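Structure first, commentary second.
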Amino acid sequence: MSVIDLQDITRVYRMGDVEVRALRGVTLDIEAGDFVAIMGTSGSGKSTLMNLIGCLDRPTSGRYLLDGREVSRLSRDELADVRNRTIGFVFQSFNLLSRTSALENVELPLLYSGVKTRERIVRATDALGLVGLSDRLDHKPSQLSGGQQQRVAIARALVNRPKVLLADEPTGNLDSRTSVEVMALFQDLGHSGITVVLVTHEPDIAAYASRVVVVKDGRVVSDRRQAPEKAVVPPEDPVEELARAAHA
Ligand code: ADP
Ligand code: MG
């Protein structure tokens, strides 16, 4: 069944007398557990599309069924509610609180949704386990590698048990090894039924997805399935590891 179903979506930004038609009729159907890469040059409409999929914004016209529910005409409050229950976000800059442990960073969304301390700790610990960081709960971001920091951010995105994980250039600040680490994780999430939609400029990264959608001038110009490359993380460089231990 499709979890994201966009039909003829447009988004026009109005600034005074000027209109920018950022999306010009996008139809896209994404099934649960799929791993989709969205590509396109700067200004093609990728972020606008992600904002709409993520219920951060509403379309000018068109229909959007998210997990079977029409959400394109909801009020801002209703939209925020759907968003908090259904969507997790991962950003290029990890947006972690620097003086705060991995565990507390992951607990944060639960704090906002009023979950009690004990359950917060249990769920945040589970989420960090899911991303392979059970042994790093008390580490602060500076004591973690870039890949580990991004995995903490992914755990934070997962802690509310979303159906959809949206990632805008999640590997933009990572070296190639840690990028593969994050892609391996996204591939695993897909196997557990979470839908992953990611924006990337890099064909090497898109190769790990099972579907590649190319956007140009606010339209989908290509949409193809592919056999995803399996993300295999090479062994860690021991010198880098030592340098980090000394720094921490
Ligand atoms: P991408 O993420 O692919 O670089 P965007 O979705 O950010 O593309 O932008 C698509 C088009 O919409 C661009 O022409 C951009 O200038 C315009 N745009 C994006 N956001 C806004 C906004 N808030 N107000 C006005 N124009 C915008
Ligand atoms: Mg963008």
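Taking the stated definitions as given, is residue 171 within 16 Å of ligand 2 (Cβ to nearest atom) and farther than 21 Å from residue 115 by Cβ?
The answer is yes for residue 171.
Would you confirm whether any residue within region 98-111 is in a loop (DSSP other than H, G, I, E, B), of a type in the set (A, V, I, L, M), open to solvent by 60 Å² or more (accessible area, probe 1.4 Å) and on the phi < 0 side of the Ramachandran plot?
no
Looking at region 185-202, which of the residues that are outside any strand (DSSP E or B) and open to solvent by less than 20 Å² (accessible area, probe 1.4 Å) is modelled with the lowest pLDDT?
Of everything passing the filter in region 185-202, 190 is modelled with the lowest pLDDT.
Only one of 78, 19 is open to solvent by 60 Å² or more (accessible area, probe 1.4 Å) and assigned to a strand (DSSP E or B). Can you tell me which?
19
Quick test of your reading of the structure: residue 215 fulfils all but one of (1) in contact with a strand residue (DSSP E or B) (Cβ under 7 Å, 6 or more places away or on another chain); (2) open to solvent by 10 Å² or more (accessible area, probe 1.4 Å). Name the failing condition by number.
(2)
Picking from 54, 62, which residue would you name as being at pLDDT 95 or above, closer than 21 Å to residue 158 by Cβ and within 16 Å of ligand 1 (Cβ to nearest atom)?
54
Just give me the residues in region 112-124 being buried (at least 19 other Cβ atoms within 10 Å of the Cβ) and not aliphatic (A, V, I, L, M), in sequence order.
120, 123
Can you tell me which residue in region 133-169 is farthest from ligand 1 (Cβ to nearest atom), limited to those that are buried (at least 24 other Cβ atoms within 10 Å of the Cβ) and basic (Lys, Arg)?
Here the residue is 151.
Going through region 18-72 one residue at a time, which ones are away from ligand 2 (no atom under 15 Å from the Cβ) and closer than 22 Å to residue 191 by Cα?
Passing the criteria: 28, 29, 30, 31, 32, 33, 34, 35, 36, 66, 67, 68.
Anything in region 27-44 that is under 22 Å from residue 86 (Cβ atoms) and either open to solvent by less than 30 Å² (accessible area, probe 1.4 Å) or not small (Gly, Ala, Ser) (or both)? List them, or say none.
27, 28, 29, 30, 31, 33, 34, 35, 36, 37, 38
Condition check: open to solvent by less than 40 Å² (accessible area, probe 1.4 Å), touching a Leu at 6+ places or on another chain (Cβ under 9 Å) and within 16 Å of ligand 1 (Cβ to nearest atom). Does residue 205 satisfy that?
yes
The values are calculated or read from the model by the stated rules, or taken from the named source; none is laboratory data. Fair warning: this is a prediction, and the values are worked out from it, not measured in the lab. Every residue, glycine as well, gets a Cβ built from its backbone with ideal geometry; the counts of neighbours run over all protein chains shown. These area figures cover heavy atoms from the full protein model, side chains too; ligands, DNA and RNA do not enter into them. Shrake-Rupley method; radii C 1.70, N 1.55, O 1.52, S 1.80 Å.
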